[in-house]
4 protein chains.
Amino acid sequence: MTGKSSGAHQGSGAGRAHRAATWSTAITATTDERVFVRGVALDEAIGRESFPAMLLRLWRGDAVTDNEAELLDACLVASIDHGPLSPSALVTRTIASTRAAPMSGLAGGILAFGELHGAVVSRAMRILAGAPADGDLDAWADGVFERERAAERRLPGIGHRWHHHDLRAERLLEVASARSDGRHEAAVRALAARVSRHAGTSIPVNIDGALAVALTALRLDPAYGDFLFAIARSFGLAAHFVEEQARERPMRMIDPTAAEYDGAVVPGLELQEADE
Amino acid sequence: MTGKSSGAHQGSGAGRAHRAATWSTAITATTDERVFVRGVALDEAIGRESFPAMLLRLWRGDAVTDNEAELLDACLVASIDHGPLSPSALVTRTIASTRAAPMSGLAGGILAFGELHGAVVSRAMRILAGAPADGDLDAWADGVFERERAAERRLPGIGHRWHHHDLRAERLLEVASARSDGRHEAAVRALAARVSRHAGTSIPVNIDGALAVALTALRLDPAYGDFLFAIARSFGLAAHFVEEQARERPMRMIDPTAAEYDGAVVPGLELQEADE
Amino acid sequence: MTGKSSGAHQGSGAGRAHRAATWSTAITATTDERVFVRGVALDEAIGRESFPAMLLRLWRGDAVTDNEAELLDACLVASIDHGPLSPSALVTRTIASTRAAPMSGLAGGILAFGELHGAVVSRAMRILAGAPADGDLDAWADGVFERERAAERRLPGIGHRWHHHDLRAERLLEVASARSDGRHEAAVRALAARVSRHAGTSIPVNIDGALAVALTALRLDPAYGDFLFAIARSFGLAAHFVEEQARERPMRMIDPTAAEYDGAVVPGLELQEADE
Amino acid sequence: MTGKSSGAHQGSGAGRAHRAATWSTAITATTDERVFVRGVALDEAIGRESFPAMLLRLWRGDAVTDNEAELLDACLVASIDHGPLSPSALVTRTIASTRAAPMSGLAGGILAFGELHGAVVSRAMRILAGAPADGDLDAWADGVFERERAAERRLPGIGHRWHHHDLRAERLLEVASARSDGRHEAAVRALAARVSRHAGTSIPVNIDGALAVALTALRLDPAYGDFLFAIARSFGLAAHFVEEQARERPMRMIDPTAAEYDGAVVPGLELQEADE
């Protein structure tokens, strides 16, 4: 065989079957001078359209109201960091300590977003999408609860291993309720009530559940739920990477439970310390 | 040996040497109810502090002005996407086509940010940090140009393989100049002039160079330059992942040059088409 | 709050709940001079125990026969590469073309092993583990076929998009049958027969199915199935990374269907070319 | 603009500039029935050619002797695992604990191979490639030592943070010396002598250095050095992933220094324990 005339895969039918075809994208077009995202020139948007508005346009493809952009902004703020005990932050710090490249630390941390940490917002959104517009939310919550239990899946959006009550989630639900009809908040609260009844104690909506309510109100494809959380949190991962390399010696052993906070004063923490 | 009393690594000195020590972080503290980022409770920031302001606080650790938050917002908008021809977008789409998990597509795309694509903002910031406050910028630019050339490194922030003239960069420099003393813009323009003289044609400042000017004006640690670009672009990667799975069949062969744009109308493109 | 005495997470119960506990591992122990894998000193194994034998010991934890090591060796050879059209190879090459780091190219390629490419051997092993030792394999195959179909899952181990008939799979089954009782080969062939009946044409066992038979015969935990394939293939990904950086210019557009083979002579290919 | 006739990037010169061209690969060719790696049909190699022989053929492109295959086999054995204290194993375990996908755990662990852990064999090979065939190795070692020191780079291949003396390295050098002319072993020992003189104590060749000697003797492109180590170690990472999910509860806090070994008996360890 000579290399000149033959492809890397030879064969009668197969060759044609996997020939690359023309394909289409509706996201971005570029010219020699400009980049158009969903039809908007970035050079015109820079300094004029807010980032949350541009992001919602990118992900949803249609025009965005100020109200909507503010709600997405709130979702980004809510997700930005959760401290050094998160598996993702630990992975990023461990990679940073080997003096590997920044992108390695970032990608590694993102890979720690699994079914139990981070990557559950999309699933919560898909569940909420099934909530009846006019109907018995308690009956719906019963059904969801039984179905997830039968499948041995953890119900997403409810409860947290550390936070008995998570003020981020409460506040984000409040911000979302001012910008939507409240239907998805009612649905997630019905799920929390169902779980609480089962547990015999009050189990709150967590940050994943609140994000799912907000992003559903914003009419985003549920596929974006995990991306929103993971990418917003990536800004936090970057902070852990940079701090690790700036403050710690290379190749150290990181005991996550031995971390002490020595940053800006947090008044509430002193009181709690006194309680112990 | 019994497992009860012995560590996974045995030895006289070595055992002590790599015992995990208490360590400190100034980024985030959590309580049972709250998450404090740089001393600010996220539940209080949600819906009140803009995301770019919160991000600058996270990365810089001190208080942020509205002017500064607006400049960081503009940097995020400028980086959000660059279409399906970028190596990172192609990697994300190829992974999406195998029906691998969203986080795999995101992490894979990020790993394509290398020395020639994406991961050059930090290096540009480190170069700009060396520009003299009061001094001969042309002499400084000569020195930088010769040093990078001797080291066989590509000078970051200048020129682009597709954009002869990039309006995003020009616009971002304009927004940055309104919020800073112009010193770093002058420095990057001196570099572009030096490169242009060498090339015998006008080579513009590119988006990496404009980002480096803006982020330096914001007093960010240069280590954050590549993270800012990569994470902002990750929102675009998510759009490519979702579109790929929604519109295309699994395991297709993706010829990047066979992509056609079929999204929202972009008026300028028609004219250009007629020119061809 | 002062950082001196408080942890990064404060709280009554929570603090205790997530304190790191002593934990155990049965894989590897190290001393100042030696590394013991499953109780075997690597310095003694080097040059004396073959790599496939050591690998099977590492993954299975008990002693290994020569016959078993030879079968695992055959599995590694069968998986080593599949050319530049594989999504994983394309991802690795695209990352290589940006001049990103070797580990980025490798990790990126691995992330392309999804449900439709590579990461299906474990699932096939779990299905084969359910085949009856003494019983009606056709009835079992009917049941598996219907169950996977109802769940809208692709049955792993059967059929290939390019290879109508895959000699690697046939040969690996042959090698495996000489080293096992043939029960799992019979099971996978029953599945292929069931699929063929449904399709109205002969659909062969593919390389994933053959690997599942061999690795099940080796008594490996099914969790190792995807790892075996992915890591063996990683050696191929490395070859694509190195060739890409050695032969191609940076940041090129890679059309996977435009690849031509120009390596060592492959006699069979000439005939086929003449057929077209 | 209509999507029908325009590409995703419009422009006079640019469009042509980044059109995908035909390209060549010498690694692998596929037909409908077969896969040929470096001209060898995998179906013929399975069960006949050993994996290390096939791997060396894949990476080097030419025929392989038994002696060579045995040396590469020894390199794979030497690299297979190093226990739970390695940053890469910790990353893989942390990701496993979130119940993320196996490929995520594997890719994440690989990303922890940085300049200080794992990814130094290629650099050591490049240094050894410069050793004079007939000349003063001590003078060469002096030069290398001073150059790396001036560049503030750690000299690869010499010394280890835990192992004062590493029997794996000694044994691998012994196996390599029986299969080569000893020139590269002499070179790495000259480097170790130079470092020892500087440190005022004996610093041994480490496993990276021994791998560099062996892989150089095998005439491999230095680019493969880091890949060999990282991929061989990936088999160990898989063992940590599987053990973590089998033995530990999800989302645990992993203190790397709290690991206890409870595997197969390792006689030497008891004595050492008694010494403490």
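The values are calculated or read from the model by the stated rules, or taken from the named source; none is laboratory data. The shown structure was predicted, so the numbers you read here are calculated from the model rather than taken from an experiment. Ideal geometry is used to build each Cβ from the backbone, glycine not excepted, and the neighbour counts take in all protein chains shown. Accessible surface areas use protein heavy atoms only, side chains included; no ligands, DNA or RNA. Shrake-Rupley method; radii C 1.70, N 1.55, O 1.52, S 1.80 Å.
May I ask you to list the residues in segment B:131-164 that are assigned to a helix (DSSP H, G or I), out of contact with any Leu (no Cβ under 8 Å at 6 or more places or on another chain) and in contact (Cβ under 8 Å) with a residue 12 or more places away in the chain?
Correct list: B:Leu137, B:Asp138, B:Trp140, B:Asp142.
Any chance segment A:251-260 includes a residue that's in contact with a Gly (Cβ under 9 Å, 6 or more places away or on another chain), part of a helix (DSSP H, G or I) and polar (S, T, N, Q)?
yes
Among what's in segment D:18-35 and is of a type in the set (A, V, I, L, M, F, W, C) and open to solvent by less than 10 Å² (accessible area, probe 1.4 Å), pick the residue that is farthest from D:Val77 (Cα to Cα).
Here is the first cut: in segment D:18-35, the residues of a type in the set (A, V, I, L, M, F, W, C) are D:20-21, D:23, D:26-27, D:29, D:35.
Next, from what is left, pick out any that are open to solvent by less than 10 Å² (accessible area, probe 1.4 Å): D:23, D:27, D:29, D:35.
Working: D:Trp23: 36, D:Ile27: 25, D:Ala29: 30, D:Val35: 27 Å.
Taking the candidates together, the pick is D:Trp23.
Within segment B:208-219, count every residue that is crowded, with 23+ Cβ neighbours inside 10 Å and out of contact with any Cys (no Cβ under 9 Å at 6 or more places or on another chain).
5
Return the only residue of D:Leu90, D:Leu128 being part of a helix (DSSP H, G or I), in contact with a His (Cβ under 9 Å, 6 or more places away or on another chain) and open to solvent by 10 Å² or more (accessible area, probe 1.4 Å). Talk me through it step by step, then tell me what you get.
Details: D:Leu128 fails: open to solvent by 10 Å² or more (accessible area, probe 1.4 Å).
Exactly one of D:Leu90, D:Leu128 is part of a helix (DSSP H, G or I), in contact with a His (Cβ under 9 Å, 6 or more places away or on another chain) and open to solvent by 10 Å² or more (accessible area, probe 1.4 Å), namely D:Leu90.
Across segment A:236-261, what is the number of residues that are of a type in the set (A, V, I, L, M, F, W, C) and more than 7 Å from every other protein chain (Cβ to nearest Cβ)?
Start the filter on segment A:236-261 by keeping residues that are of a type in the set (A, V, I, L, M, F, W, C), which leaves A:237-239, A:241-242, A:246, A:251, A:253-254, A:258-259.
Pick out the ones that are also more than 7 Å from every other protein chain (Cβ to nearest Cβ) and you get A:237, A:241, A:246.
The total comes to 3.
Just to be sure I understand the filter: pairs with C-beta atoms under 7 Å, separated by 6 or more residues or on different chains, first member in segment B:171-191 and within 13 Å of B:Gly130 (Cα to Cα) and open to solvent by less than 20 Å² (accessible area, probe 1.4 Å), second member not hydrophobic (A, V, I, L, M, F, W, C) and not in a helix (DSSP H, G or I). Which pairs pass?
Note: pairs meeting the criteria are B:Val188/B:Gly157; B:Leu191/B:Gly157.
Can you go through D:Ala223, D:Ala139, D:Ala214 and tell me which one is farther than 30 Å from C:Glu244 by Cα and modelled with pLDDT of 95 or more?
Of the residues listed, the single one that is farther than 30 Å from C:Glu244 by Cα and modelled with pLDDT of 95 or more is D:Ala139.
Could you tell me how many of the residues in segment A:108-125 are open to solvent by 20 Å² or more (accessible area, probe 1.4 Å) and in a loop (DSSP other than H, G, I, E, B)?
Total satisfying the criteria: 3.
How about segment A:220-230: which of its residues are more than 9 Å from chain B (Cβ to nearest Cβ) and open to solvent by 20 Å² or more (accessible area, probe 1.4 Å)?
Of the residues in segment A:220-230, the ones more than 9 Å from chain B (Cβ to nearest Cβ) are A:220, A:222, A:225, A:229.
Correct list: A:Pro222 only.
Name every residue in segment D:172-206 that is in a loop (DSSP other than H, G, I, E, B) and either farther than 20 Å from D:Arg123 by Cα or within 11 Å of chain C (Cβ to nearest Cβ) (or both), in order of residue number. Reasoning before the result, please.
At the first step, the residues of segment D:172-206 found to be in a loop (DSSP other than H, G, I, E, B) are D:178-182, D:200-204, D:206.
Scanning segment D:172-206 gives D:Ala178, D:Arg179, D:Ser180, D:Asp181, D:Gly200, D:Thr201, D:Ser202, D:Pro204.
Within segment D:206-222, is there a residue that is free of Cβ contacts under 8 Å to residues at least 12 places away in the same chain and over 29 Å from C:Thr22 (Cα atoms)?
First, pick out the residues of segment D:206-222 that are free of Cβ contacts under 8 Å to residues at least 12 places away in the same chain: none.
No - not one qualifying residue is present in segment D:206-222.
Restricting attention to segment A:124-144, does a residue exist that is among the aromatic types (Phe, Trp, Tyr) and closer than 18 Å to A:Leu237 by Cβ? Walk me through it before giving the result.
Let us first name the residues in segment A:124-144 that are among the aromatic types (Phe, Trp, Tyr), namely A:140.
Filter again for closer than 18 Å to A:Leu237 by Cβ, leaving none.
Taking every residue of segment A:124-144 in turn, none turns out to be among the aromatic types (Phe, Trp, Tyr) and closer than 18 Å to A:Leu237 by Cβ.
Exactly one condition in (1) touching a Lys or Arg at 6+ places or on another chain (Cβ under 6 Å); (2) touching a residue at least 40 places away in the same chain (Cβ under 8 Å) is not met by B:Leu167; state its number.
(2)
Consider D:Gly83 carefully, then state whether it is over 14 Å from D:Val213 (Cα atoms), more than 7 Å from chain A (Cβ to nearest Cβ), touching a strand residue (DSSP E or B) at 6+ places or on another chain (Cβ under 7 Å) and not aliphatic (A, V, I, L, M). If you could, list the steps in order and put the result at the bottom.
On the way: over 14 Å from D:Val213 (Cα atoms): yes; more than 7 Å from chain A (Cβ to nearest Cβ): yes; touching a strand residue (DSSP E or B) at 6+ places or on another chain (Cβ under 7 Å): yes; not aliphatic (A, V, I, L, M): yes.
Yes.
How many of the residues making up segment D:131-147 are surrounded by fewer than 17 Cβ atoms within 10 Å (Cβ to Cβ) and either within 14 Å of chain C (Cβ to nearest Cβ) or not basic (Lys, Arg) (or both)?
10
Residues of segment D:52-76 being out of contact with any Pro (no Cβ under 6 Å at 6 or more places or on another chain) and without any contact (Cβ under 8 Å) to a residue 40 or more places away in the chain, which ones? Walk me through it before giving the result.
Taking segment D:52-76 and keeping what is out of contact with any Pro (no Cβ under 6 Å at 6 or more places or on another chain), we get D:52-68, D:70-71, D:74-76.
Matches in segment D:52-76: D:Pro52, D:Ala53, D:Met54, D:Leu55, D:Arg57, D:Leu58, D:Gly61, D:Asp62, D:Ala63, D:Val64, D:Thr65, D:Asp66.
Would you mind finding the one in A:Ala169, A:Ala96, A:Ala63, A:Ala69 that is more than 26 Å from A:Leu191 (Cα to Cα), away from chain D (no Cβ under 11 Å) and in contact with a helix residue (DSSP H, G or I) (Cβ under 6 Å, 6 or more places away or on another chain)? Before the answer, list the steps.
Working: A:Ala169 fails: more than 26 Å from A:Leu191 (Cα to Cα); A:Ala96 fails: away from chain D (no Cβ under 11 Å); A:Ala63 fails: in contact with a helix residue (DSSP H, G or I) (Cβ under 6 Å, 6 or more places away or on another chain).
Step by step, each of A:Ala169, A:Ala96, A:Ala63, A:Ala69 is checked, and only A:Ala69 is more than 26 Å from A:Leu191 (Cα to Cα), away from chain D (no Cβ under 11 Å) and in contact with a helix residue (DSSP H, G or I) (Cβ under 6 Å, 6 or more places away or on another chain).
Out of the residues in segment D:36-60 that are under 26 Å from D:Ile207 (Cα atoms) and facing chain C (nearest Cβ under 7 Å), state the one that is surrounded by the fewest Cβ atoms within 10 Å (Cβ to Cβ). Reasoning before the result, please.
Taking segment D:36-60 and keeping what is under 26 Å from D:Ile207 (Cα atoms), we get D:50-60.
Pick out the ones that are also facing chain C (nearest Cβ under 7 Å) and you get D:50-52, D:54-55, D:58-59.
Values: D:Ser50: 24, D:Phe51: 27, D:Pro52: 26, D:Met54: 27, D:Leu55: 30, D:Leu58: 22, D:Trp59: 25.
My answer is D:Leu58.
Is it the case that C:Glu243 is modelled with pLDDT of 95 or more, within 14 Å of C:Ala96 (Cβ to Cβ), out of contact with any helix residue (DSSP H, G or I) (no Cβ under 7 Å at 6 or more places or on another chain) and among the acidic types (Asp, Glu)? Break it down stepwise before answering.
Working: modelled with pLDDT of 95 or more: yes; within 14 Å of C:Ala96 (Cβ to Cβ): yes; out of contact with any helix residue (DSSP H, G or I) (no Cβ under 7 Å at 6 or more places or on another chain): yes; among the acidic types (Asp, Glu): yes.
It is true that C:Glu243 is modelled with pLDDT of 95 or more, within 14 Å of C:Ala96 (Cβ to Cβ), out of contact with any helix residue (DSSP H, G or I) (no Cβ under 7 Å at 6 or more places or on another chain) and among the acidic types (Asp, Glu).
Would you mind telling me which numbered condition in (1) in contact with a Lys or Arg (Cβ under 6 Å, 6 or more places away or on another chain); (2) closer than 21 Å to A:Gly61 by Cα; (3) surrounded by fewer than 24 Cβ atoms within 10 Å (Cβ to Cβ) B:Arg247 fails?
Condition not satisfied by B:Arg247: (1).
Buried (at least 18 other Cβ atoms within 10 Å of the Cβ), away from chain B (no Cβ under 14 Å) and either touching a Gly at 6+ places or on another chain (Cβ under 8 Å) or not in a helix (DSSP H, G or I) (or both): does that describe D:Arg233?
Numbers: buried (at least 18 other Cβ atoms within 10 Å of the Cβ): yes; away from chain B (no Cβ under 14 Å): yes; either touching a Gly at 6+ places or on another chain (Cβ under 8 Å) or not in a helix (DSSP H, G or I) (or both): yes.
Taking the combined requirement at face value, the residue satisfies it.
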